[in-house]
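The values are calculated or read from the model by the stated rules, or taken from the named source; none is laboratory data. Only a predicted model underlies this, so the values are computations on that prediction, with no experimental measurement involved. Quick reminder, even Gly has a Cβ in these numbers, built from the backbone with ideal geometry, and neighbours come from all protein chains shown. Protein only, heavy atoms only, side chains kept; ligands, DNA and RNA dropped before computing areas. Shrake-Rupley method; radii C 1.70, N 1.55, O 1.52, S 1.80 Å.
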Amino acid sequence: MKYDDNNIFAKILRGEVPCDKIYEDEYVLSFYDVSPQRKIHALVIPKGQYIDLDDFNENASKEEIHGLMKGISTVTKKLNISSKNGKGYRAISNIGENGGQEVPHLHFHLIGGENVGKMVQK
Ligand code: AMP
């Protein structure tokens with residue numbers, strides 16, 4: 001599958017659509033989810049054009065992979081939900097049809113600020 005650069009996160013990255021920004025560096029952009037599932041619901045996306053985690057792990061550089069992982073930790077510390085300065089959170093990346101992925105640009109959901117409940121609902 002080819003990356004669709006008309007997806008909403010690509011538009012956010014290009015500055016064509018606004019976002020409620022939390023953090024940005026060379027490798028990632030983080031912003032609040034428009035439809036929060038818990039008290040805190042942030043998204044972290046790589047700046048490169050990757051459809052999902054499998055695409056990223058196959059094609060991203062070591063620097064990009066490192067940058068995304070570091071970016072996630074930076075954001076969770078900034079939001080005081082990390083295991084270092086908060087009570088924890090859940091990181092989720094939905095992949096493909098069965099994973100329920102809606103936006104075809106890799107993203108991690110960081111959900112916390114309260115108990116997020118069971119991992120998967122029936
Ligand atoms: P997924 O189902 O994993 O692809 O999640 C896509 C997420 O993107 C959903 O939680 C949406 O609420 C969120 N979303 C869609 N459009 C926007 C937007 N413009 N700004 C922030 N979050 C968005």
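A few remarks follow.
- GNM result for the chain, Cα springs below 10 Å: residue of P36, P46, P104 fluctuating most strongly: P36
- Region 8-112, accessible area per residue, ligands and nucleic acids excluded (1.4 Å, Å²): 57 Å²
- More than 20 angstrom apart: percent of Cα pairs within region 8-112: 35 percent
- Extension gain, I95 to K47, is 15.5 nm, computed as 0.36 nm per intervening residue step minus the present C-alpha separation.
- Computed lengthening from M69 to S35, 0.36 nm per intervening residue step minus Cα-Cα distance: 9.9 nm
- Summary of the geometry: region 7-50 and region 93-122, compared by the centres of their Cα atoms, lie 15 Å apart.
- Given R0 = 22 Å, the distance between the Cβ atoms of E26 and Y3 translates into a calculated FRET efficiency of 0.65.
- Heavy-atom accessible surface of region 8-112: percent carbon and sulfur, 1.4 Å: 47 percent
- Cut-off 14 Å between beta-carbons: net charge of the residues surrounding E102, Lys and Arg +1, Asp and Glu -1: -4
- Estimated inter-spin distance, S61 and K118, nm [label 7 Å along Cα→Cβ]: 4.4 nm
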